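Quick note: the coordinates plus some simple rules give every number you see, no bench work behind them. Please read all numbers here as calculations on a predicted model, not as lab measurements. Cβ sites come from the backbone with ideal geometry, for glycine too, and all protein chains shown count toward neighbours.
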Amino acid sequence: MQPYFSLADCDVMGFDLDHTLCRYHLPQSATLIYDSFAQYLVTEKGYDKDLLTLNPESLDFCCKGLAWDLEDGNFLKLAEDGTVLRASHGTRSMTSEEILEIYGRREWKHFSSVSGMLSRSAKYYLYDNYFDLPGALLCARVVDSLDQHDGQKKYDFWKDMVAAIQHNYKISAFKEDCGTYFPEVKNHPEKYLQRCPNSVKKWLKQLKSSGKILLLITSSHSDYCRLLCEYILGNDFEEYFDVVITNALKPGFFSHTPNQRPFRTLENDEEKEALLSLDKPGWYSQGNAIHLYELLKKMTGKLDPKVVYFGDSMHSDIFPARHYSNWETVFILEELLGDKVMVPTETESEPLEKKGKYEGYHPKIPYSVSEQWGSFFVDRLPGLENAEETLVRTWSCKCISTYSTIAIPSLEAIAVKMKMNEHKNVMKPKMLRTVLFSLSLIPSETASSRTQTEPKIYFLSGKNKAVFSVFRQCFFLQICARGTIMTDLVSI
């Protein structure tokens, strides 16, 4: 990865749709997704009807970066080396003593298989995006329910959750009004979808007029994509993009060969013939990054066009685009708007259902810091064998710094800054360069205890609050062993 990154150097700019170009009203969409899955489990699979009652306060359980061990019903927050930082059984937070009893020196047995490829398996599931998170809460509550009624030690209900997901999101669900999710969004899009800000729409148009090739690559099916884009961008949304790819089935879009995943034409939102190659711009379904890149070579007239891809999922967008296609990646991470370095305390051990109703409670914004799980970026690791507590990066934090070129809370973070600098005439519009800011920091450890090979975390001092507020609006921190935090900020 180059030390400096410039959008001006990119020939092609690709965008994911859900939670990237299309932002959702998160409390409402989380509740809808939860209800969609819960309705199926109760009505079709006979699960406890109590699952249908959702206390808004319980959405605090939803936190990106959790790993769910499917066999034992435990949810885990991991450090960058796989150490278990926090855990819950169902929704019940586990004490440090319980974690040590189950995981010994807090080592998760599956970490070696997941860390290199961000894979998923029949033994665990990684929750990394807002479509997934309500399912994590539902699975945790199912564990609570099974424990209460059956006293189970092992759990095998994941197949029922997969069936609930497929029932609501299968390719024919939108057209057939199947399930709960699509009919509700179709009838009340304003309740769940945020219209694209004018600043972002203007930015996209300026990018295209400047000669950039714009891609829309989404795993959503073409009919749902059309609904979203018409609502957030307008009926002329296709004019924003040179190539639209729906039902991309990421991450397979990046990892599969053309023979495994050919592009298909579309007719009235129905997939038709498979294509041996991709010869011209347009709207396609499925496909693969190899054939797409061949088309981009023709469109740019370059042997090695530079591509940057914006997405919100580490598993489906950022890691595969970087690992398989060697694209630059911009991670959309709304946690940058609300996360803080928090000092965790011993959490409650009662399941969320037993806390009672909270009258007048307003749903927590899912990207704000979870009281149960703490910071998305860092956490304290309790000392082992009389060692002192240390503040460490989470595994999610490490993945971001490893696989994303930069990270931003939203596309608006770039578009608004472009508008500001255009008004000030600081630089030419659409010119983007990286500026590195070195902040004065208070170290979490003494300088003598630091090594030059291990990155360390530092608390921001109070005098840097103004600088930090600017940082939070822009890009993710890169943590350096020298004792400084370098933040990537944009100037356009």
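With the simple spin-label model, which puts each label point 7 Å out from Cα in the Cβ direction, the VAL42 to LYS297 separation comes to 5.5 nm. Fully extending the segment from LYS123 to THR265 would add 47.5 nm, taking 0.36 nm per residue of separation and subtracting the current Cα-Cα distance.
The length gained on full extension between VAL416 and GLN206, counted as 0.36 nm times the residue separation minus their Cα-Cα distance, comes to 74.3 nm. Rounded to whole numbers, the Karplus 3J(HN,Hα) couplings from phi for the stretch 161-171 are 5, 4, 5, 5, 5, 5, 4, 7, 10, 4, 4 Hz, using 6.51 cos²θ - 1.76 cosθ + 1.60 with θ = phi - 60°, and x at Gly and Pro. Can you compute the FRET efficiency between GLU190 and ASP81 using 1/(1 + (r/R0)^6), with r the Cβ-Cβ distance and R0 = 51 Å? Round to the nearest 0.05. For GLU190 and ASP81, the calculated efficiency is 0.70. For the pair HIS110 and ASP9 in one chain, pulling the backbone fully straight at 0.36 nm per residue adds 32.4 nm over the alpha carbon distance. Taking a ≥ b ≥ c as the square roots of the eigenvalues of the Cα gyration tensor, an a/c ratio of 1.5 or more together with a/b no larger than b/c marks the stretch 186-301 as oblate. Phi angles of the stretch 99-108 translate, via the Karplus equation with coefficients 6.51, -1.76, 1.60 and θ = phi - 60°, into HN-Hα couplings of 4, 5, 5, 7, 10, x, 7, 6, 9, 8 Hz per residue; Gly and Pro are given as x.
With a Förster radius of 41 Å applied to the C-beta separation of LEU100 and LYS170, the computed FRET efficiency comes to 0.45.
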